[in-house]
Structures are given as structure tokens and as C-alpha cells.
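Asker: Structure provided below as C-alpha cells; questions to follow.
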Amino acid sequence: MLIQEGAAAAFHPQIAGPASFAVRNLWLVPAVPIVAAGVIALLKQPRRKLSAGLAIGSLGFSMLLAFVAFAHVAAGWASGVAVRETVNFTWIQAGTASVALGWVLDPLSAVMLVMVTFVGLLIFIYSTGYMAHDENFTRFFCFLSLFAGAMLGLVISNSILLLFMCWELVGLTSYLLIGFWYHKPSAAAAAKKAFMTTRVGDVLFLLGMVWLFAQTGTLLFYNNGAGSMEGWALGGLISAHAGLGLTAAGAIGLLIFAGAVGKSGQFPLHVWLPDAMEGPTPVSALIHAATMVAAGVYLVARVYPLMQAGAAANGTTTALIVITWIGSITAVFAALIAIAQNDIKRILAYSTVSQLGYMMAGLGIGGVAVGMFHLITHAFFKSLLFLGAGSVIHGCHEEQDVRHMGGLKAYMPWTFATYAIAMLALCGFPLLFSGFWSKDAILESAKGWEISKGPYYLLVFGAVLTAFYMTRQVSYVFFGKWRGHHPAHESPRVMVLPMAILALFAVLLGLIGTPAWPWFRSFLEGHGAEANLSVFGEPAFLMLLGTSCIVVFLGIGIAWWLYGNRSPAAEEPDALEKAVPLVWAGLRDRLYVDEFYDVTVIAFYRAWARVANWLDRRVWGGIVAGVALAFRGLAHLDRLIDESWVNGGFDKGCEELSTGGGLLARMQTGRVQTYLRLLALAFVVLAAILIWSSRP
Amino acid sequence: MNGFPILTLLTVLPLVGAAIALLSGKHARGVALITALIALAGSLLVWTKLPADGSIGLVERAAWAPSLGIEYHLGVDALGALMLVLSAIVTLMAVDASHRVHHQPGLFYGLILVLEAGLFGSFTALNFFHWFLFWELSLIPAFFLIKLWGGPRRGPAATQFFIYTMAGSVALLISFLAIFLSTGSMDFGTLTAMASSGALGQMVTAHLGNVMPWLAIGVLAGFAVKVPMIPFHTWLPAAYSEAPSPVTMLLAGAMSKMGVYGLLRIALPIFGVQIAAMRTPLLVLAVITVVMGAWAAAAQKDLKRIFAYSSVNHLGYCLLAIFALAIPVAGTAAQNNQAAALNGVILQMFNHGLTAAALFWFVAMIQLRSGGLRGLEDFGGLRKAAPVFAGLMGIAMFSSLGLPGLNSFVSEFLIFRGVFPLSWVAASVSVLGLLITAAVLLTVIQKVFSGPLPEHWAKFPDLHHSERLALAPVIGLMILLGLVPQLILNSVNPTVVNLLAHWRF
């Protein structure tokens, strides 16, 4: 069941033929880790080595398969074929419509598969060191494996329903892992908050999904021209109007985007992600930095044809404009808050939110390749930052407050070196680091956006802030004098090695996406890539390079001037706090978004719960009580009539029954008999009416 | 003439079991378990014998009182058979959960089996009189089970439950008397055919004037109480929380389905036109049931009351879909919307029965371990003391909140898939129910299982082997049906198509 893809003009679309080995066995990529999770869960005794081995082994196997799949797509690309192979099947049948599931192998899923399995495997290995002393070690690897399986399932989904199911399952594992140390009330609360906040987006996503299904009659993205992301369906979606000036495509696109807003921590649903740092640090690295939170970005990339459908002359749609603005606002909003945080992981969490904003903006303005490139580079350097933070926390005896660290570069040289590389990549340090290339691609497209220059300025400002807060953090943690209580120590090799490998990629990945050889873009978009070094001499590139240099050096410079090597005492107020106390307080308190939700959404929820309860007890219950009272009066009357008029054998018979039957006598309430009598009476009346009415 | 009377035997079986249980005193539990197991096997046998085209099969007919329109007429399609299987599963679970009943065990198990017979009878009857007998028959054991073995406020709870349901039954009865007076028939199939040709309305109007809407309201009222639909639900929280847990399992798991079943077997086929005319107010009530049911659950502090209101919310989705599909449509796409909604309703009936019964079972186990406590605030951190307990109950709760991979998601997806194009406003407001339910259930997990473990619960026992063994198939079924819903839907879909073809709105 191969797909013809017409959009990639430069390449031959793939011609249908027998399904390749890679796509036939693609389902094993998610299935193997899920089976491993099940096996670990059912192990009789908590067996540490076995469970870690199962988890790592299964993900390693998935990684090999992912490489095979990637190689297959890459080979197709090299020979000028835009590979898009699918395997679809009917899950259930409702009426004559089939609810179909399936998986797809195309450049987008291949790239994502490689990233998730590779980064995931490194983090799994790191976890064996980080979690070595945890009493629930086996359960940790069970959840981690389940997560990996669900995430990989999400990546290969060719059905929006299957994607949604995996989407919810990664949400579940995120919930379980944030609340991994469930005995801490803060962890339990954070887990619930994460699940609920993302579910707000998810129910809108659900509506978008059922709408898409109802409108196009299919759940499949690609299905030989009959999928919802293909020409015929998109044509129908553009011509259907949904009110508010939106086409059905636009409205459905926005509903699906709402799901992405929740999962990818976009403003205004970003509030759960910083709290999610309650989970163990490898979880933060894998789920809340590299993979799951990027799933929202991936989702938008996956349904990009829908987002883009019916584009105006300026190449954009309402949905894309909304995505761009939400992304840009998130990028700056979160970066601002990151400045004033003191928890090493929270700084990174806000940074993640901000970078996810960049990805969204990149998707909205520049298209799939721009957003996805930043997703991939970010996955490497941000997971490295988290692993570094974990190493620091580990080395500092579970200390997370940067004010109680300092001078760690002497104690933890490996951690420092790798952290510094990741930090420079995140700041977008020119030319050398992958983050520079991916962020510049976003800035470049934002600069040329026809709708507004607003996102460009926001994203540039955000880049200054990024350089600033990362320099502040690194100064606090690695420079100056040690301010902790117990001496810090370097982490074991099993933790350092994955960090070193990630660091390597934080640098090298830039090579596949430079303007001189934009391999990544051509691979995703299905056209050839030619090396052209002269791009580096063009004024446009030099302008952008100049801007980037100014931005990065400005951010790093100011922060270094304020914090570098100063080593303030832990209790001393922050340098910025002294300068602008009010602004600082606002940023430190996360710009009061949580407080705002407390007095609006949460208060509304609680109030309505009380209203519902009050309605139940007073109004509905009251009406019933009133009716009951009226009937009691009637019953009294009935009894009078009964006793004085009827006074017959019926009554007596009932009484005999009640004294004879031991059961009824024990009741001694009298009421029961009345009801039974009523019931009997009803039948008698029924019979009487029937007999009377059926007389000829 | 009808072949092997399997449905009759299936209905008689629990009655025989009940009689033996009554007489066998201490061994009543064993008798009940065996009876329930045989009944389950029988119901599964029925499930395998369904006609492939989705029509009604295993028909048994015999003259009873022809002059009164009363006929012994049994038969099942996938809808009825699925309810038989559900009733049998829930009864088995309830019997198994009853092992702490020491007061009059013979009577207790006997009544439970009579209740099962009532359920079987009402899910197989195709004649109103016959159906109504069993509908009422199931009420009596339920009443006594609450009244005799219930909690401290069992008296008023049982009374309210009984009277409320009786009032609904009277409304039903009156409506059907009018129908019979006008048509001379009480046969569901005959009446459905008359309704779909339009003859029914003409005959009733000719006999009694323009009363069809009122008859529809009477029938709806009877079912609205049973499901229940807000505001006819006030008996439910008291009955569910005061009934002994095994009985709550039966009430929530099986008896509440009688109402939904009645809507599908009786109300929609016979009063489709009238319901379609009242569709908007009915949809409003369904949405209120979904949203306010969930919201009322959020205000409760007693686990049983929480799950009771949550039950109202979950059956609200059934009502939502039933009323949303009551509209004349044309074209394959629109018919597929109806089919998706109806598949969703039938599957949701089964899923909710399974999950709700399991949840009340877990509450029973909590009460057993804590000396009767079941307040939301009474516990904390239990997951540390009882990890397997927490894990399995967690799965049941995630099933209830509609997590993909577990059973309820499939039915809720199909319901929203069907309802959205039929009434996008109702669907859009109802997703609030999904949100609130999730908040409620996660709060339960948070308060009961997370946080620090208090000293006095440090010895809270985890599930023992026998309990794990009993729960494993139930939890396994939740996962299985979440992944392979076609086990049920492959048979249900033909019935859905068949039903829709005979309904006229």
C-alpha cells in the first residue's frame, strides 16, 4: 500500500509496489518497548539488572530498526524518490465507515524515529546511574519503556486516531513519571496538574479529530490519495465554511493546534511544564525536553498540509498565523520568566517552553523543515543540559538551588565541558554550534514574513534573553566559589558518557542544516541538496550572522558583567533584583499566570461543583421531597378510603402474607408492604383494564 | 418449534440457583458462584449463536394470552446478548465480592440470583407485558438487598429508590396501556413496524386523540429514572452509597443499563418521531447530565458517592448519543454518523458496566481493610503500602476517565464521533464532562494513593492472591477491549445497521 505523493515536485513520487521490509516491520519499533514494559511490570521480584537490561535492550532494538527505516528513506532520497510508504488497516467498523489505523514511513517520521530512539537510549543508559539507589528502580524502567513505546507509536502513526491514542498514553506515562516520587505531595500535585492542563488541549484536539473524521470520512493521513492530508479531502475542507470567517480546514487546524499548545507547553497552557520538574531528572531530559513536549510540534508538522490548505497569496492561513503568534509570544514570555528562577531545572524548563515557542513560530512561518530542524537540534542540546543538571544535582547531594552551588567547573570538569557546549548551542553561539543554525533559520524566515514583523522582533529579543539566562545560570553553577555544604563530586562514567555523546551531536548536527548545504530541508521536502559555499558570502547571510552575533554577545555580555565570577553569598539578592525589584518579583513569581488560573478557572470549577451539589441536594432533592410529601397526604387519604370502604380480603391477604413470611415480618416497617401492595394493585388494575378493553 | 429454548433456560437458571441457595445456608455462596458461572457460560453461548446479519435470533414464541396481546416472545440481537453477557459478568463479580456477608447468606445470594433472572428476562423479552414483569421483578430483590444489608441510612435510600422507580414504571405502564388500547398489540416488533410506517401514530390519534407526545413522555420518564437522567436521578447517590457494595455493583453495572436498553429497544423504535420532535430539550438534559453529573462528583467526599455521580456522567454520554441520533437523515455519511453514535452507546453500556462494577468492588475492598472507611480524606499514600492494589485500581480509574488503550475510550470516541456532526454544540459542551471526570478521578488517586503514608495505614494490606486472581480477568478485559474492541463491535455493528434501518424519526 504505497502512496503517491504529488507535492514534491522535484522528486519522483514513489511508485506503488510491494511494501518494503522497513515499513512492514515498522510497527515493531513501538511494540518492542511496550512489550518490554509489560514484562518488567509482571516480574515477580524487582530485578534491577534484568529490568534495566530489558528496557535498554528493547530500545536498542528499536533504534536499529529505526536506522534501517531511515536508511531506506535516505536511499530513496539519494536516488531521487520521495518515499512515503504506509500500512493501513481497519480497526473497527461503524455503519459502513471504517475506523482505520496505520503507520507511515516518510522523511518526517524517519528523522523523528532516529532522534527519539537515539536520545532515548542515551538517557536510558544515563538513568541506570542516576536512579541506581532508588528503591523503585524497576518500576522506573517499566514506565520509561512504556513511554518510549507510546512516543514511537505517536511518531509512526498514519491515523490521527492512533496518534491521539499514543498521544494520551505518553501523557499517562508523563503523569506517572512526574509523580514517580508520589510520597511527595508536590510531585503528586504536579503530576495531576500536568495531566489536567494537557487534557484541556486534548479535548479540543478530540473535537478537531472527530470533525476531521466526519468531514473527510477518513482518519488516515495518507491513503493513496484518499487520506485526509491529500488533495481530495483538503479540497473539501477548504470549501466548507465553519463560521467566524474560517474554513473547516482552518477551524479543525486550530482545534488540533490546541492539543499541541497543551502538550508542547505553549502559552497559555505552559503552566504544567515547569512543575513537571518534580519528576526524576532523566525524565525531564527525555520527556519534558527532548521528545514528548516536542510531540505538539511534530503533530503540527504531521498535519501541515491541513494547516496550509487554502493558503492566501501571501502563502499563509489563519491557522498558521495563530501558530506563529502563539509561538513567538511563548518564546519571549517563558524566556523572561527563566531569567528570575533559581532552581536549576526550572530555568531549563522555562527555557524549553521558550524554545518550543521558537519551533512553533518556525513551523508557522518557515514550514515543516524549519520547525523540525530546531526540534531535532534542541532535542540533543536540551536533553544534554538536563542530564548535566542531573549530574550537578547528583554531585551536589540533591541540591537544586543555583545560589547554593558555584565553582563546579573545578569539581566536575566533564559535566562542565559538556554543559558549556550545550549552553552555547542553546544560546545560538555563531557558526560552531547546531543551535545557531536551527535558530537562524527561524529568524531568517521570520524576517521575511509578509504578515507582520512582530514575531521577528519578539524572537530576536527572546534570543538575547536566552543568552542572558543561560549565562546567568552557568555563572551561578560553575563559576565563582563553592557555596554548598558538602563538597561536590563528578558523576560516574555511565552518566558522563551519554553526555559526551550528546555534546558531540550538539555541535555536529549543525552541519546538516547550514544554508550552504541544507540537507535536512531537502530531505524533508523531497528535493536535491547541493553544496554551495558561496552562500556564506552573500549579504543576506552576513546580515543575519551579524544580528546573531550582536544578540548572543549582548546577552552573554550583560549576564557575565552582572554575574560572572562574582560568587555572591547564597542569601544575597540577585543583581537584577537590586536594580529592578518590582520587575524581578513579577518574573520570579512566573508573571502570576498560576495565580490567575487559581482565581478564575479553578475557582470556577470549585464554585460549579458546589452549585451542582447544591442543586442536587436542595432543588432536585427538594422537589422530590415535596412530591413525596404530597403523596404521603394522598396515601393517608387512600388508607382512609381503603380501611373504611374496601376493607376487603386483599388487605387481609397481604397481612397474612406478612405474618406468615418470616422475612416481611422482620421488616416491621409497614411501608414495604404498602409498596408491594401498590405493585400488586397496579397489576390488578392492568389486568382489569386489559380484560375490559379486549371484550368483543 | 423454536429449537432449543436457551433463553428461557438461561432465565430460569438463576431462579433455580436462588431456590437452592435459599435452602443451602452456609453453602449459599458456593451455589451462587456456580450458578453465576454457568449463567456466564450460557450468556457467552448466546453471544456466539447470534445471527450474522444483526437481526433478532434465538426466537422463542408461544401463545400466552392472545386476546390481551400477551405473548411469550423472546429473542436477542447483539444488543440484548451483550447485555446478557454484561449482567452475567457483573453478577459473578458481585457474588465474588460478597464474601463478607454473614447475615442470612442464603437469602442474600438468593436475592442476587433473582435479580439476575430479572435482568435476563428483561433483556430477552420482546413483548411489553413479559418485559414489564421482569423489569419490575428485578426491582424487588434490589429493594430488599438495600433494605436489609445496606448502610446506616439504608431505609430511606431503599424507599426512595423503590418509589422513584415505581413512579417511572407507572408512567411506562400507562403509556403502554394506551398503545395497546389503540393497536391491540404489545409486541415490540409489531409496534416498531407500525411506528416506522406511520400507522401507529394514526391509530393512537384515532382512538385517543393527540396523545402520542404524552405517551412518549411517559415512556421516557420511566427510562429517565432508571438510567438516570438529571433531574430524575436523586434516588441514585443515596441508593448507590447505602447499598452493600456488591449490590451497588449490580445497580451501577447492570441495572442502570436496563434504562438505556429500554430507550433503544422501546422508546426510539416506537416513539422515534415524538423523540425527534423533543430532541432539543432532551439533548439539553443529556448535556446537563454529562456535565453536572461530573461536577456533582467533584463536590463529594465519599468514594461511593463520587463513583455514583461519575456513573451518572458516564451514562449521560449514552443519553447524549441517543438523543443526538434521533433526527431524520439522508445519505451514507449522515447514516454513518448515527451508526457511530449507536455503536458507541452500546459499547459504552458494556464498558461502563464493567468499569463501574470494578470501581465499586475496589471501594468494597478499601472498606474491608479500613473498618468501613471510604471518605476521600481518610487515606493517603496507600500506594506505598499496597502497590498492586493502587496499580489495579488505577487502571480501573483510568479506564473510567477514558484513557486510550482501555475499554471506555473506544466507546466515548465513537459517541463523540457520531454526535459531533449531528449536534456539534452538544458535543462541544459535553467535552467539559471529560475534563471534569478526569479532574475528579485524579483527585481520588492523589488523595487516596499519593502523599506520605500515615502511620496507622502502614499495615494496609495489599491484594491477596485470591483477590488478584478474581480481579485479573476484569482488568484484563478492560485492556483487551481497549485494544481489540472488534471482539464486541464486529457483532454489534450489524445490529446497529439493522436497528437504524427500522427506526423512523
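Each value in this text was obtained by applying a stated rule to the coordinates, not by laboratory testing. Every value quoted in this text rests on a predicted model; they were computed, and no experiment measured them. Cβ placement follows ideal geometry from the backbone for every residue including glycine, while neighbour counts extend to all protein chains displayed.
Asker: I want the local charge near residue A:200. Using Cβ-Cβ distances under 12 Å, sum +1 for each Lys or Arg and -1 for each Asp or Glu among the other residues. Don't skip to the end; give the middle numbers.
Answerer: Values: positive: A:193, A:199, A:263; negative: A:202.
The answer is +2.
Asker: Sorted by average packing, counted as other Cβ atoms within 10 angstrom per residue and highest first, what order do A:472-485, A:575-588 take?
Answerer: Values: A:472-485: 20.8, A:575-588: 14.1.
Sorting A:472-485, A:575-588 by mean packing, highest first, produces A:472-485, A:575-588.
Asker: So which aspartates and glutamates can residue B:26 reach, going by Cα to Cα under 18 Å and dropping same-chain residues fewer than 8 places off?
Answerer: Partners found: B:96.
Asker: Could you work out the mean count of beta carbons from other protein chains within 10 Å of each residue's beta carbon in A:610-621?
Answerer: Numbers: counts 4, 4, 14, 10, 2, 6, 14, 4, 0, 2, 6, 6.
The mean count of partner-chain Cβ atoms within 10 Å per residue comes to 6.
Asker: Using just the helices of chain B, give the 222 nm mean residue ellipticity in deg cm²/dmol: DSSP H runs with n ≥ 4 each add -39,500 (n - 2.57), and the total is spread over all residues, rounded to 500. List each step's numbers first, then the result.
Answerer: Numbers: 22 runs with 368 residues, N = 505.
Helices in chain B give a 222 nm mean residue ellipticity of -24500 deg cm²/dmol.
Asker: Just to confirm my numbers, what's the Cα centroid distance between region A:486-526 and region A:288-341 in Å?
Answerer: 23 Å
Asker: Classify region B:20-105 from the C-alpha gyration tensor, please: rounded if a/c falls under 1.5, else prolate or oblate depending on whether a/b exceeds b/c.
Answerer: On the way: a/c = 3.30, a/b = 1.70, b/c = 1.94.
Verdict is oblate for region B:20-105.
Asker: Once you wrap a convex hull around the alpha carbon atoms of region A:140-208, what is its projected area averaged over all directions, in nm²?
Answerer: Details: hull surface 18.0 nm².
So the mean shadow area of the Cα hull is 4.5 nm².
Asker: Give me the compactness ratio for region B:355-505, meaning the Cα radius of gyration over 2.2 N^0.38 Å.
Answerer: Values: Rg = 18.8 Å, N = 151, 2.2 N^0.38 = 14.8 Å.
Here the Cα radius of gyration is 1.27 times the empirical estimate.
Asker: Can I ask one more? Helix A:160-178 versus the longest principal axis of chain A: what angle, 0 to 90°, nearest 10, using Cα atoms?
Answerer: Roughly 80 degrees, rounded to the nearest 10.
Asker: Give the lysines whose C-alpha is closer than 24 Å to that of residue B:49, dropping any in the same chain fewer than 8 places away, or say none.
Answerer: Candidates past the 8-residue exclusion: B:257.
Asker: Please report the projected area of region A:260-407's Cα convex hull averaged over all directions, in nm². Could the numbers behind the result be given before it?
Answerer: On the way: hull surface 33.7 nm².
It is 8.4 nm².
Asker: Calculated from DSSP H runs of 4 or more alone, at -39500 (n - 2.57) each and per residue, what is the 222 nm mean residue ellipticity of chain A, nearest 500? Please list the in-between numbers first.
Answerer: Working: 31 runs with 463 residues, N = 696.
Calculated at 222 nm, the ellipticity per residue is -22000 deg cm²/dmol.
Asker: For region B:122-227, which trypsin sites (Lys or Arg not before Pro) are both in a DSSP coil and crowded by at most 15 other Cβ atoms within 10 Å? List each step's numbers first, then the result.
Answerer: On the way: sites: B:147, B:153, B:154, B:226; in loops: B:153.
In loop regions of region B:122-227 (DSSP not H, G, I, E or B), the sparsely surrounded trypsin sites (Lys or Arg not before Pro) are B:153.
Asker: While we're looking at this one, here's another question. Considering the convex hull of the alpha carbon atoms of region A:436-486, report its projected area averaged over all viewing directions, in nm², one decimal. Walk me through the intermediate numbers first.
Answerer: Numbers: hull surface 18.8 nm².
Its average projected convex-hull area is 4.7 nm².
Asker: Note down the net charge around residue A:257, summing +1 for each Lys or Arg and -1 for each Asp or Glu among other residues with Cβ under 15 Å from its Cβ.
Answerer: Values: positive: A:263, A:302; negative: A:202.
That sum, taken over residues with Cβ under 15 Å, equals +1.
Asker: If you look at just the Cα atoms of region A:97-223, how large are its Rg and its Dmax in Å?
Answerer: That works out to 16.9, 53 Å for Rg and Dmax.
Asker: Hey, which lysines would be in cross-link range of residue B:147, C-alpha to C-alpha under 19 Å, not counting anything within fewer than 8 residues on its own chain?
Answerer: Correct list for residue B:147: B:226, B:304.
Asker: Further, regarding this structure: Assign one of three labels to region B:394-452, namely rounded, prolate or oblate, based on the Cα gyration tensor with a ≥ b ≥ c the square roots of its eigenvalues; rounded applies when a/c is under 1.5, prolate when it is not and a/b is larger than b/c, and oblate otherwise. Can you show the working numbers first?
Answerer: On the way: a/c = 5.69, a/b = 2.00, b/c = 2.84.
Note, shape of region B:394-452 comes out oblate.
Asker: Continuing with this model, one more query. Normalise the Cα radius of gyration of region B:108-225 by 2.2 N^0.38 Å (N = residues in it) and let me know the number. Intermediate values should be presented prior to the final figure.
Answerer: Details: Rg = 16.8 Å, N = 118, 2.2 N^0.38 = 13.5 Å.
It is 1.24.
Asker: Calculate the tail of P(r) for region A:180-220: the fraction of all Cα-Cα distances greater than 16 Å, expressed in %.
Answerer: For region A:180-220, the fraction of Cα-Cα distances above 16 Å is 55 percent.
Asker: When each pair of different Cα atoms in chain A is counted once in the 1/r mean, what is the Kirkwood radius in angstroms, to one decimal? Show your work: numbers first, answer last.
Answerer: Values: mean 1/r = 0.0357 Å⁻¹.
Averaging 1/r across every pair of different Cα atoms and inverting gives 28.0 Å.
Asker: Evaluate the Kirkwood expression for the hydrodynamic radius of the protein assembly as shown, namely the inverse of the mean inverse distance over all pairs of different C-alpha atoms, and round to one decimal in Å. It would help to have the intermediate numbers written out before the result.
Answerer: On the way: mean 1/r = 0.0311 Å⁻¹.
Evaluated over the protein assembly as shown, this radius sits at 32.2 Å.
Asker: Further question: Can you list the trypsin sites (Lys or Arg not before Pro) in region B:259-368 that are in a DSSP coil and have 12 or fewer other beta carbons within 10 angstrom?
Answerer: On the way: sites: B:265, B:279, B:301, B:304, B:305; in loops: B:301.
In loop regions of region B:259-368 (DSSP not H, G, I, E or B), the sparsely surrounded trypsin sites (Lys or Arg not before Pro) are B:301.
Asker: Normalised radius of gyration for region B:169-208, please: alpha carbon Rg relative to 2.2 N^0.38 Å, two decimal places.
Answerer: Numbers: Rg = 9.7 Å, N = 40, 2.2 N^0.38 = 8.9 Å.
Here the answer is 1.08, to two decimals.
Asker: Next up: Could you tell me how far the Cα centroid of region A:137-180 sits from the Cα centroid of region A:575-621, in Å?
Answerer: Each part reduced to its Cα centre gives a spacing of 30 Å.
Asker: Could you please rank A:165, A:359, placing first whichever residue has the fewest other Cβ atoms within 10 Å of its Cβ?
Answerer: Details: A:165 23, A:359 31.
Ranked by crowding around the Cβ, least crowded first: A:165, A:359.
Asker: Now, a different point. Listed here are the pairs A:409/A:481; A:382/A:447; A:193/A:439; A:44/A:184; which of them are more than 20 Å apart at the Cα? Intermediate results must be reported in sequence, preceding the final value.
Answerer: Details: A:409/A:481 10 Å; A:382/A:447 25 Å; A:193/A:439 31 Å; A:44/A:184 26 Å.
Checking Cα-Cα distances, A:382/A:447; A:193/A:439; A:44/A:184 exceed 20 Å.
Asker: Considering region B:306-391, what Rg and Dmax in Å follow from its alpha-carbon atoms?
Answerer: For region B:306-391, the Cα radius of gyration and maximum Cα-Cα distance read 18.9, 59 Å.
Asker: Another question about this same structure. Give me the angle, in degrees from 0 to 90, between the Cα long axis of helix A:454-478 and the longest principal axis of the Cα atoms of chain A, rounded to the nearest 10.
Answerer: Tilt of helix A:454-478: around 80 degrees.
Asker: What is the angle, in °, between the Cα long axis of helix B:188-197 and the longest principal axis of the Cα atoms in chain B? Nearest 10 is fine, range 0 to 90.
Answerer: Around 50 degrees separate the two axes.
Asker: Taking the simple approach of a point 7 Å from Cα along Cα-to-Cβ for both residue A:25 and residue B:284, what is their distance in nm?
Answerer: 6.1 nm
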